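One structure below.
The values are calculated or read from the model by the stated rules, or taken from the named source; none is laboratory data. Computed from a prediction, not measured in an experiment: that's the story for all the values here. Here the Cβ positions follow ideal geometry from the backbone for every residue, glycine too, while neighbour counts run over all protein chains shown.
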Amino acid sequence: MKQQSVKLMDILLLTRRLAMLRQNQRGITLAELLATIAILSIVGVIIWSVFFQGTKYSNIAVTKNQMQQEANIIISKLTKIHQTAESYSIHSKGGIITVDYEENNGATHKIIFDDSHLDFFTQSMNNVIPNKNDTPLTITVNEKNSNTTISIDTVLYRLKGGA
């Protein structure tokens with residue numbers, strides 16, 4: 001009986017100690033804190049890099065879109081000149097395209113395509129007479145501060161009258 005009483009006493013003491021240990025576990029350990037900080041840091045770095053990579057690609061897309069618009073403006077003006085002028089010449093040097101053209105009434109004009117952020121290039125052509133042939137043309141646009149480049153191939157044409 002004494003042995004059972006001692007065992008019962010041991011069980012009671014053990015139960016009390018466990019209850020006291022549970023009451024003292026209200027905080028977090030240093031290991032738990034460090035693990036939490038490490039996980040949050042990794043997640044933060046991943047989110048940060050994805051955000052800035054997305055921003056970088058967005059800026060590149062905006063730049064290419066602006067370059068495409070500038071090339072389309074040049075092509076539009078060159079098409080109008082090709083369709084209305086008696087003759088014209090195109091010169092490309094140092095990132096600037098210069099077009100000299102003569103209207104049907106003999107008046108001469110000069111258009112310069114230049115931009116502070118972009119370089120424009122095309123093949124030079126002298127004394128183009130639009131009535132004779134269609135004119136293939138490649139316009140290349142480079143951004144001055146980066147390696148971003150676009151090229152557009154087109155054909156300048158004049159509507160030909162039927163016989």
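Apart from one condition, L159 fits all of (1) at pLDDT 90 or above; (2) in contact with a helix residue (DSSP H, G or I) (Cβ under 9 Å, 6 or more places away or on another chain); the exception is (1). Per the conditions (1) within 22 Å of D134 (Cα to Cα); (2) at pLDDT 90 or above, the sole criterion not satisfied by T84 is (2).
Is one or more of the residues making up the range 76-92 more than 30 Å from Y57 (Cβ to Cβ), in contact (Cβ under 8 Å) with a residue 60 or more places away in the chain, touching a strand residue (DSSP E or B) at 6+ places or on another chain (Cβ under 7 Å) and in a strand (DSSP E or B)? Outline the logic, then answer.
Taking the range 76-92 and keeping what is more than 30 Å from Y57 (Cβ to Cβ), we get 77-92.
The next check asks that each one be in contact (Cβ under 8 Å) with a residue 60 or more places away in the chain; those that pass are 78-79, 82-83.
Retained after the next criterion (residues that are touching a strand residue (DSSP E or B) at 6+ places or on another chain (Cβ under 7 Å)): 78-79, 82.
After this cut, where a residue has to be in a strand (DSSP E or B) as well, the list is none.
No, the range 76-92 has no match at all.
In a strand (DSSP E or B), in contact with a His (Cβ under 8 Å, 6 or more places away or on another chain), among the charged types (D, E, K, R) and surrounded by 17 or more Cβ atoms within 10 Å (Cβ to Cβ): is that true of D100 in this structure? Give the derivation first.
On the way: in a strand (DSSP E or B): yes; in contact with a His (Cβ under 8 Å, 6 or more places away or on another chain): yes; among the charged types (D, E, K, R): yes; surrounded by 17 or more Cβ atoms within 10 Å (Cβ to Cβ): yes.
Spelling it out, D100 is indeed in a strand (DSSP E or B), in contact with a His (Cβ under 8 Å, 6 or more places away or on another chain), among the charged types (D, E, K, R) and surrounded by 17 or more Cβ atoms within 10 Å (Cβ to Cβ).
Filtering the range 109-123 to residues that are surrounded by 18 or more Cβ atoms within 10 Å (Cβ to Cβ) and either more than 20 Å from E70 (Cα to Cα) or over 37 Å from the mean Cα position of the chain (by Cα) (or both) leaves nothing.
Out of all the residues in the range 124-134, which are closer than 17 Å to K77 by Cβ and out of contact with any Lys or Arg (no Cβ under 9 Å at 6 or more places or on another chain)? Those that are closer than 17 Å to K77 by Cβ and out of contact with any Lys or Arg (no Cβ under 9 Å at 6 or more places or on another chain): M125, V128.
Let's see how each residue does on (1) hydroxyl-bearing (S, T, Y); (2) buried (at least 16 other Cβ atoms within 10 Å of the Cβ); (3) at pLDDT 95 or above; (4) under 23 Å from I150 (Cα atoms):
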site: G44; (1), (2), (3), (4): no, no, yes, no
site: W48; (1), (2), (3), (4): no, no, yes, no
site: Q53; (1), (2), (3), (4): no, no, yes, yes
site: I60; (1), (2), (3), (4): no, no, no, yes
site: K64; (1), (2), (3), (4): no, no, no, yes
site: M67; (1), (2), (3), (4): no, yes, no, yes
site: K80; (1), (2), (3), (4): no, no, no, yes
site: S92; (1), (2), (3), (4): yes, yes, no, yes
site: A107; (1), (2), (3), (4): no, no, no, no
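Annotation: G106 fulfils all but one of (1) free of Cβ contacts under 8 Å to residues at least 24 places away in the same chain; (2) part of a strand (DSSP E or B); the unmet one is (2).
Residues of the range 117-157 that are more than 21 Å from Q83 (Cβ to Cβ), touching a residue at least 24 places away in the same chain (Cβ under 8 Å) and part of a loop (DSSP other than H, G, I, E, B): H117, K144, N145, S146, T148. Among the residues of the range 124-147, those identified as crowded, with 16+ Cβ neighbours inside 10 Å, under 36 Å from the mean Cα position of the chain (by Cα) and of a type outside the set (A, V, I, L, M, F, W, C) are T135, T140, N142, E143.
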